[in-house]
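To start, the structure under review is shown below, and the notes come after it.
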Amino acid sequence: MREQQAASRGQLSRRIGRNREAVNAWECGCKVPTLDTIGRLADALGVEYTELISRTDREAVSA
């Protein structure tokens with residue numbers, strides 16, 4: 001979703017008040033954001049938090 005909006009990891013991290021390394025860790029699957037952070041991500045990306053969660057679940061199942 002971040003890439004679809006042409007936002008860099010740095011831009012997204014500033015929108016949610018986290019560092020770029022955290023965004024990188026979530027995207028590579030090394031770490032999982034907290035529920036609070038998922039809410040911030042959803043707000044920053046303009047989507048419902050359930051869309052972020054369901055998209056992650058679908059990717060995990062298809063992997």
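The spread of Cα positions in the chain, taken along each principal axis and listed from longest to shortest, comes to 30, 23, 23 Å. Within the chain, the longest segment free of exposed loop sites, counting GluC sites (Glu not before Pro) that fall outside DSSP classes H, G, I, E and B and have at most 15 other Cβ atoms within 10 Å, spans 4-47. Please report the carbon-and-sulfur percent of the accessible area for the chain; probe 1.4 Å, protein heavy atoms only, DNA, RNA and ligands left out. Ligands and nucleic acids excluded, carbon and sulfur give 49 percent.
The values are calculated or read from the model by the stated rules, or taken from the named source; none is laboratory data. No experiment lies behind these values; they were computed from the predicted model shown. When we count neighbours, we look across all protein chains shown, and the Cβ atoms used for this are built from the backbone with ideal geometry, even at glycine. Quick note on the areas: whole protein, heavy atoms, side chains included, nothing else; ligands and nucleic acids left out. Shrake-Rupley method; radii C 1.70, N 1.55, O 1.52, S 1.80 Å.
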